[in-house]
Amino acid sequence: MWIVAASIAWTASATEVRTRSAPQLLLGGGAVMGGMLGPRMLTSGFSPSLLAAHDHGLGPIRATVGAVTAPTFGWVAADETAGIALAMFDVGVSVGDERFRAGVFATGGFLAAGLGIRAVVTPFDAPGGHRRGFEARLTWFTPRSGAMGLYYVQTVRGTGQRTREVSRPRRGGFCARFTVGFGAAATASSTERSWEFVGSDEPFQLTGSPALVVACEQGGRTGGWHVGAETAPWAFHRVPTDDGGADRKLHHMGSMTAGAYLGAGAARVGVIGTAGVWTLGGGVRAVLSPFAARDGSRHGLELRALALVPSAPAVEAMALYHLWFDPR
């Protein structure tokens with residue numbers, strides 16, 4: 001999903017073409033949130049995190065090597081299998097350009113190994129040839145543990161590598177609207193098949209959490225598409241016994257979302273699908289941003305409603321303060 005989007009972004013054109021991509025060092029800081037599926041003895045669902053990654057390659061395809069630390073994210077399973085993301089080393093490949101790239105990676109280190117996907121959006125110019133933005137990562141560790149990482153990052157242009165630039169008219173870009181939303185999320189799960197609620201007359205369990213969303217949109221006056229990442233770590237839904245073998249609580253630690261919408265800058269509505277740790281579902285998204293600022297940005301309200309699977313059944317709703325601007 002992200003790789004296809006990155007390929008589209010590359011062919012859609014920016015203002016220049018590089019015959020050879022300069023090596024780039026990416027530095028970032030943020031947080032990792034996640035946990036285990038199935039029986040567990042101990043899990044730490046949150047950790048501050050630092051990353052460093054080096055991208056190098058030809059054209060839109062780049063090889064990536066890097067290191068990540070999330071020193072307090074660890075787990076001990078019921079079978080006494082332990083893991084901790086104290087010192088992880090990554091190898092992967094990504095597709096895209098300096099503003100957006102996405103790809104896959106393998107990671108391994110002290111007491112942990114896994115696979116993941118990453119997306120880097122750096123639409124903001126900074127002095128000295130640097131770019132700034134965000135990176136989102138989904139990592140699945142063995143056995144049955146997963147984490148979502150959100151980072152504020154800065155790229156540093158490599159030295160000693162010449163690139164030839166060819167200017168051409170702008171026909172658009174990947175991120176015509178960079179959006180940020182923060183607010184609240186709420187879930188409602190049926191308790192009909194939950195062991196914890198045997199004998200209870202409560203038909204649903206309600207949970208809530210602060211929520212954070214970052215995303216990019218691309219489109220015209222009548223519609224377009226949307227990709228982003230979000231987290232609502234204290235909101236969870238229930239998976240009943242016959243949908244996976246355990247009466248589990250699946251927290252929305254982090255997910256990536258893609259969708260399409262109709263409308264333009266002030267009002268947009270569309271469908272979305274989301275997947276992550278530990279959330280899977282689909283639904284609708286509506287944005288009203290009637291208020292314009294002097295710098296060209298707009299702000300308002302974003303609403304989301306999702307049906308979650310597998311579930312008991314369960315739904316999730318988000319209400320967010322929404323801000324967007326054109327980063328180009």
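The values are calculated or read from the model by the stated rules, or taken from the named source; none is laboratory data. Keep in mind the model is a prediction, meaning the values are calculated, not measured. For neighbour counting, all protein chains shown are included, and Cβ atoms are generated from backbone atoms with ideal geometry for every residue, glycine included.
For this structure, a couple of remarks:
- Residue within the range 189-201 that is among the hydrophobic types (A, V, I, L, M, F, W, C) and in contact with a Gly (Cβ under 8 Å, 6 or more places away or on another chain) present: no
- Selection count where residues are modelled with pLDDT under 95, touching a Lys or Arg at 6+ places or on another chain (Cβ under 8 Å), part of a strand (DSSP E or B) and buried (at least 16 other Cβ atoms within 10 Å of the Cβ), scope the range 288-324: 4
- Selection count, the range 77-102, where residues are buried (at least 22 other Cβ atoms within 10 Å of the Cβ) and at positive phi: 1
- Any hit, the range 2-13, residues being over 15 Å from F141 (Cα atoms), at pLDDT below 70, out of contact with any helix residue (DSSP H, G or I) (no Cβ under 7 Å at 6 or more places or on another chain) and in a strand (DSSP E or B): no
- Test: residue in the range 96-106 that is outside the structural domain of W234 (by TED's automatic domain parsing), under 18 Å from P143 (Cα atoms) and not aliphatic (A, V, I, L, M): yes
- Filter pass, F182 being closer than 20 Å to A305 by Cβ and either assigned by TED's automatic domain parsing to the domain that holds A305 or surrounded by fewer than 22 Cβ atoms within 10 Å (Cβ to Cβ) (or both): yes
- Residue satisfying all of: in the range 203-213; modelled with pLDDT under 90 and assigned to a strand (DSSP E or B); surrounded by the fewest Cβ atoms within 10 Å (Cβ to Cβ) among these: F204
- A single entry from F124, F141 fulfils the requirement of being more than 24 Å from T274 (Cβ to Cβ) and outside the structural domain of G254 (by TED's automatic domain parsing): F124.
- Within the range 106-156, considering residues that are farther than 21 Å from Q24 by Cβ and hydroxyl-bearing (S, T, Y), the one surrounded by the most Cβ atoms within 10 Å (Cβ to Cβ): T139
- Hits in the range 260-275 - residues which are closer than 24 Å to S297 by Cβ and crowded, with 20+ Cβ neighbours inside 10 Å: Y261, R268, I272
- Verdict on E302 being of a type in the set (D, E, K, R) and within 30 Å of V198 (Cβ to Cβ): no
- Per-region count, the range 101-113, residues farther than 15 Å from A53 by Cα and either without any contact (Cβ under 8 Å) to a residue 24 or more places away in the chain or assigned to a strand (DSSP E or B) (or both): 3
- Scanning the range 265-281 for residues that are more than 15 Å from W225 (Cα to Cα) and either among the small types (G, A, S) or free of Cβ contacts under 8 Å to residues at least 24 places away in the same chain (or both) turns up A266, A275, G276, G281.
- Residue pairs meeting the criteria (Cβ under 9 Å; at least 6 apart or on separate chains; first within 20 Å of A176 (Cβ to Cβ), in the range 289-309; second among the basic types (K, R)): S289/R268; S289/R298; P290/R298; F291/R298; A292/R298; R298/R177; E302/R285
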